[in-house]
Amino acid sequence: MTVTHQKAGLWVRGILAVGLYTVTAAMLALSLPAMGVEMTPTSDRDTAAGAFLCLVLSGLFLVATAVVSFRWRAARAVCLLHAVLMVGVWTQVPSPF
């Protein structure tokens, strides 16, 4: 493989990682309004179910981002920080079940 092809591959992986991480952060942001909401028998379960779905999708996209950008230390650090934030949000979002 020539140097030009290697650089092009790195650019494609970098752009793909940025796109995946953008979706990951957006999914986490969508689940934030459900944080700290008390679930009562009369409360809307759709909010909790939507937040749960967004957190699951955020986790899946975070794994995909980590796979694409595994060689870059900075990306690993960002993914680890995001995973810690996601666990913190997950503990504050009510369960839909």
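The values are calculated or read from the model by the stated rules, or taken from the named source; none is laboratory data. Here the structure is a predicted model, which means the values were calculated and not measured. Backbone-built Cβ (ideal geometry, glycine too); neighbour counts: all protein chains shown. In case anyone asks, the SASA skips ligands and DNA or RNA and just uses the protein heavy atoms, side chains included. Shrake-Rupley method; radii C 1.70, N 1.55, O 1.52, S 1.80 Å.
Things worth noting here:
- Only protein heavy atoms count here; under a 1.4 Å probe, VAL84 has an accessible surface of about 100 Å².
- Summarising the overall dimensions of region 2-91 from its C-alpha atoms, the Rg and Dmax are 16.5, 63 angstrom.
- Trypsin sites (Lys or Arg not before Pro) within region 57-97: DSSP coil, no more than 16 neighbouring Cβ in 10 Å: ARG71
- For the chain, averaging the sequence separation of C-alpha pairs within contact (under 8 Å, six or more residues apart) and dividing by the residue count gives a relative contact order of 39 percent.
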